[in-house]
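First up is the structure itself, then whatever we jot down about it.
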Amino acid sequence: MVAEGRMTSNRQTLGLALPPSDGGVRREHDAYFTPTWCINALLDSGILQLEGKRILEPCAGGGAIVDVLSARNLDCTGRDLNDWGRGWGGHDFRSGMEGFDAIITNPPFNLMDSFLITAVQSSPIVAILGRTLMVEGKRRRDKLWHKSPPSHILHLPHRVDFRGEGDGKGGVMVMSWFIWDGSGTGTQFVWGRE
């Protein structure tokens with residue numbers, strides 16, 4: 001449970017909150033940005049066909065996802081509620097996701113369920129980075145997994161370090177990409193490659 005920005009218990013009601021890495025203090029707005037290797041693992045998996053698609057990153061933060069997609073000549077628009085110095089602040093994810101062919105994001109962990117539901121309702125192609133244990137839980141199963149199961153769960157080959165130090169590998173977070181490729185097929189579990 002998180003109270004006033006401090007971890008008061010190691011027990012978490014949804015199992016989604018990121019444990020504090022800075023002496024027990026959570027970063028404001030759950031600002032734990034995506035290491036580049038995580039994005040490359042998604043794109044290199046070959047699961048998503050994104051050429052010619054308009055892609056939205058609604059939680060663009062520092063721009064890691066937008067930068068990697070743009071470097072691969074993919075059309076990606078970054079937005080965020082907060083202005084992290086990239087000029088795309090002031091956009092609430094609950095509106096404005098429509099009109100894009102794909103949504104790729106690493107949302108704040110404390111809003112994960114809302115992001116999942118809103119993104120899947122807004123776009124046929126969705127990839128959301130989340131803790132692998134998101135597959136657990138009756139509420140999430142009933143509200144999302146049974147109604148709109150992902151086409152793929154791409155399990156990352158390394159634990160993720162969200163502190164922004166080093167290469168972003170070797171942290172404590174076991175993460176996967178939850179992917180809806182628009183096919184409506186049953187879920188495949190895929191092991192990420194090095």
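The values are calculated or read from the model by the stated rules, or taken from the named source; none is laboratory data. Since we're looking at a predicted model, the values are computed, not measured. Cβ coordinates were reconstructed from backbone atoms using ideal geometry, including for glycine residues, and neighbour counts include every protein chain displayed. Areas reflect the complete protein model, heavy atoms only, side chains present, ligands, DNA and RNA absent. Shrake-Rupley method; radii C 1.70, N 1.55, O 1.52, S 1.80 Å.
Can you give the net charge of the other residues whose Cβ lies under 14 Å from the Cβ of GLY46, counting K and R as +1 and D and E as -1? Before the final figure, lay out each step's value.
On the way: positive: ARG72, ARG193; negative: ASP44, GLU51, ASP181.
Its environment carries a net charge of -1.
Using a 1.4 Å probe and counting only protein heavy atoms, arrange HIS152, HIS158 so the residue with the most accessible area comes first.
Values: HIS152 20, HIS158 50 Å².
The residues order as HIS158, HIS152, largest area first.
Nearest 20 debye, what's the magnitude of the dipole of region 33-166 about its Cα centre given +1 on Lys and Arg Cβ and -1 on Asp and Glu Cβ?
Working: 15 positive and 15 negative charges, 107 e Å.
Rounded to the nearest 20 debye, it is 520 debye.
Around VAL190, what is the net charge, scoring Lys/Arg as +1 and Asp/Glu as -1 over all other residues with Cβ under 13 Å from its Cβ?
Details: positive: ARG193; negative: ASP44, ASP181.
Neighbourhood net charge equals -1.
Pull up the cross-link candidates among the lysines for LYS138, meaning alpha carbon to alpha carbon under 30 Å and not fewer than 8 places away within one chain.
Leaving aside lysines fewer than 8 places away in the same chain, those within reach of LYS138 are LYS147.
On average over all directions, what projected area in square nanometres does region 35-168 have, based on the convex hull of its Cα atoms?
If I average the Cα hull's projected area over directions, I get 8.1 nm².
At 37 °C and 0.692 mPa s, grab the translational diffusion coefficient of region 112-194 from Stokes-Einstein with a Kirkwood Rh over Cα pairs, rounded to a whole number in µm² per second. Walk me through the intermediate numbers first.
Numbers: Rh = 13.4 Å.
After rounding, the answer is 244 µm²/s.
Would any residue of region 32-53 have its amide N under 13 Å from a label point 7 Å out along Cα→Cβ of SER183? List them or say none.
In region 32-53, the label zone of SER183 (backbone N under 13 Å from the point 7 Å along Cα→Cβ) covers 46-49.
What is the percent of Cα-Cα separations in region 89-143 that go past 19 Å?
Numbers: 391 of 1485 pairs.
For region 89-143, the fraction of Cα-Cα distances above 19 Å is 26 percent.
With an 8 Å cut-off on Cα pairs and a minimum separation of 6 or more residues, tell me the relative contact order of region 41-194 in percent. Could you put the intermediate results ahead of the total?
Values: 289 pairs, mean separation 31.3, N = 154.
Across region 41-194, relative contact order equals 20 percent.
For region 174-194 and region 83-160, what is the separation of their C-alpha centers, rounded to whole Å?
A separation of 13 Å, based on Cα centres.
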